[in-house]
1. What nm value, rounded to one decimal, do you get for the distance between residue 3 and residue 84 when each label is placed 7 Å out toward the C-beta?
2. List 74, 5 from most exposed to least, where exposure is judged by having the fewest other Cβ atoms within 10 Å.
3. Just from its helices, what would the mean residue ellipticity at 222 nm be for the chain, if runs of 4 or more DSSP H residues each count -39500 (n - 2.57) and the sum is divided by every residue, rounded to the nearest 500 deg cm²/dmol?
4. For region 8-93, what's the relative contact order in percent, using C-alpha pairs closer than 8 Å and at least 6 residues apart?
5. Taking Cα atoms, how many degrees apart are the long axis of helix 50-93 and the longest axis of the chain, rounded to 10 and kept between 0 and 90?
6. Between 31, 64, 44, where does the largest GNM mean-square fluctuation fall for the chain, given springs only between Cα atoms within less than 10 Å?
7. GNM, the chain, Cα, under 10 Å: largest mean-square fluctuation among 45, 78, 62?
8. Note down the nm distance, to one decimal, between modelled labels 7 Å out along Cα→Cβ at residue 20 and at residue 42.
């Protein structure tokens, strides 16, 4: 079992549910990053709003950092689920 294989996402109902939950989280973080960067960009139009704009850019950057972290966490979770499935199958055949 390898990471980032499409077959691990569709193995059973549990893996499909995990995949869908992580995809939803990934999409929400993506929207949050876009919103933070857009609002931060608009705030830069006023000199008095530079500090909040900078903070929004920092938060947006952290959101962009969270995106690949979510994908990796999802793939590790699916990989571990595959290991449990493989172990359960081995026990049943013994």
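1. The answer from the label model is 2.0 nm.
2. Ordered from fewest to most neighbouring Cβ atoms within 10 Å, 74, 5 come out as 5, 74.
3. It comes out at -30000 deg cm²/dmol, rounded to the nearest 500.
4. 35
5. Computed tilt is about 0 degrees.
6. Evaluated over the chain, the most mobile residue of the options is 44.
7. It is 45.
8. Once both label points are built, they end up 3.4 nm from each other.
Just so you know, all these numbers are worked out from the coordinates, no wet-lab data involved. What you see is a predicted model; the values in this text were computed from it and never measured. Methodologically, a virtual Cβ is constructed for each residue, glycine included, from the backbone with ideal geometry; neighbour enumeration extends over all protein chains shown.
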